[in-house]
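The next block holds one structure in the form of structure tokens; read it before the comments.
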Amino acid sequence: MAKDPVRVLVTGAAGQIGYALVPMIARGVMLGPDQPVILHMLDIEPAAMALNGVKMELIDAAFPLLRGVVATTDVAEACKDVNIAVMVGGFPRKEGMERKDVMSKNVSIYKAQASALEQYAAPDCKVLVVANPANTNALILKEFAPSIPEKNITCLTRLDHNRALGQISERINIHVSEVKNVIIWGNHSSTQYPDVNHATVIPTNGEEKSVREAIANDNWLNTEFITTVQQRGAAIIKARKLSSALSAASAACDHIRDWVLGTPKGTWVSMGVYSDGSYGIQPGIIYSFPVTCEKGQWSIVQGKVPFCIVEQMAMAEQHFIISLIANLRIVSLQWQG
């Protein structure tokens, strides 16, 4: 029996990440090769013409799974009955702007979008925040959409997770699918901590072994590997003169696919989720943990912190809290407005 289509919202759909993401969704990369979708694409009024161009290309591509396209600048229309919301749109930091200026713009954007999601989206809507600062934007969205369950609001750290997998596979010259169970602790920022202490490799026709054993170079793992993952986004901007788009879109698909369809047995992934106090992280903040997913629900994997990285985890937590406190006044003023 044919499945009912799933409605997927992509905000900022005319932008770089959105343009890379929507064909992946339409082709089944996000929800599987047998799941029809209806794409809801939202962008700002100045991008309306470009957004319509993206819609035309989706139609021209004749994707078998694509059952409809809504392209709009109206947030209520965009959010109507959506089952999944991928929040890509956000105000970018420009030269000469301070972070508080960006946050003020994003609070306004996320206030409107969160209110529309709460009012018009499907009751079980799953939300993934991609726009930076992703952890903070996810928390803002939750503040303005209190009826959306806490476990249904997440942010993207899968890109960092995938970057870590890629660095390991390149280092020992094996396919990236043969590496698993790295962990990204903290925020999608340079204060994150990429952790390989429980990661393993399973080479084709080989024996499973720890990443540390396979690489046999703790100095590289404790220094260059960590900074490369932490600063990969900046390196891509330097090389492309543009921020990561294709890899971010692919990671968003990975995040939603595993959340909805489940993680493979014995494998965890990194997701920015609401802290329940696990690992001593302050409850209620959005923090990247190792998680497994089953039947559309994520669960934090327990017992995976070596003593040697507790300090780094605490630093990542503290960075987020400091950033949050600095922006509380902005959020409060926007809430009152």
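Structure notes:
- For the range 267-295, filtered to residues that are assigned to a loop (DSSP other than H, G, I, E, B) and modelled with pLDDT under 95, the residue that is farthest from ASN197 (Cα to Cα) is GLY284.
- Within the set VAL54, VAL70, VAL88, the sole residue that is in contact with a His (Cβ under 8 Å, 6 or more places away or on another chain) and among the hydrophobic types (A, V, I, L, M, F, W, C) turns out to be VAL70.
- The residues of the range 123-134 that are assigned to a loop (DSSP other than H, G, I, E, B), touching a residue at least 12 places away in the same chain (Cβ under 8 Å) and open to solvent by 20 Å² or more (accessible area, probe 1.4 Å), listed by number, are ASP124, ASN132, PRO133.
- Number of the condition not met by VAL201 [criteria: (1) out of contact with any Phe, Trp or Tyr (no Cβ under 9 Å at 6 or more places or on another chain); (2) β-branched (Val, Ile, Thr); (3) within 30 Å of LEU117 (Cβ to Cβ)]: (3)
- Residue in the range 91-107 that is surrounded by 14 or more Cβ atoms within 10 Å (Cβ to Cβ) and at pLDDT 95 or above present: no
- Tally, over the range 227-254, of residues that are farther than 19 Å from GLN167 by Cβ and in contact with a strand residue (DSSP E or B) (Cβ under 6 Å, 6 or more places away or on another chain): 1
- Scanning the range 267-280 for residues that are open to solvent by 50 Å² or more (accessible area, probe 1.4 Å) and of a type outside the set (Asp, Glu) yields TYR279, GLY280.
- Selected residue [surrounded by 17 or more Cβ atoms within 10 Å (Cβ to Cβ) and touching a Ser or Thr at 6+ places or on another chain (Cβ under 9 Å)] from ALA71, ALA20, ALA48, ALA26: ALA20
- Qualifying residues in the range 1-16 (those that are closer than 19 Å to CYS79 by Cα and open to solvent by 20 Å² or more (accessible area, probe 1.4 Å)) - the one farthest from the chain's Cα centre (by Cα): ASP4
- Given (1) over 21 Å from ALA20 (Cβ atoms); (2) open to solvent by 30 Å² or more (accessible area, probe 1.4 Å); (3) assigned to a loop (DSSP other than H, G, I, E, B), number of the condition LEU242 does not satisfy: (1)
- Matching option when the condition is farther than 24 Å from SER115 by Cβ, open to solvent by 30 Å² or more (accessible area, probe 1.4 Å) and of a type in the set (Asp, Glu), among GLU77, GLU57: GLU57
The values are calculated or read from the model by the stated rules, or taken from the named source; none is laboratory data. A quick note: this is a predicted structure, and the numbers were derived from the prediction, not measured. When we count neighbours, we look across all protein chains shown, and the Cβ atoms used for this are built from the backbone with ideal geometry, even at glycine. Just so you know, the surface numbers come from the protein's heavy atoms only, side chains and all, with ligands and any DNA or RNA stripped out. Shrake-Rupley method; radii C 1.70, N 1.55, O 1.52, S 1.80 Å.
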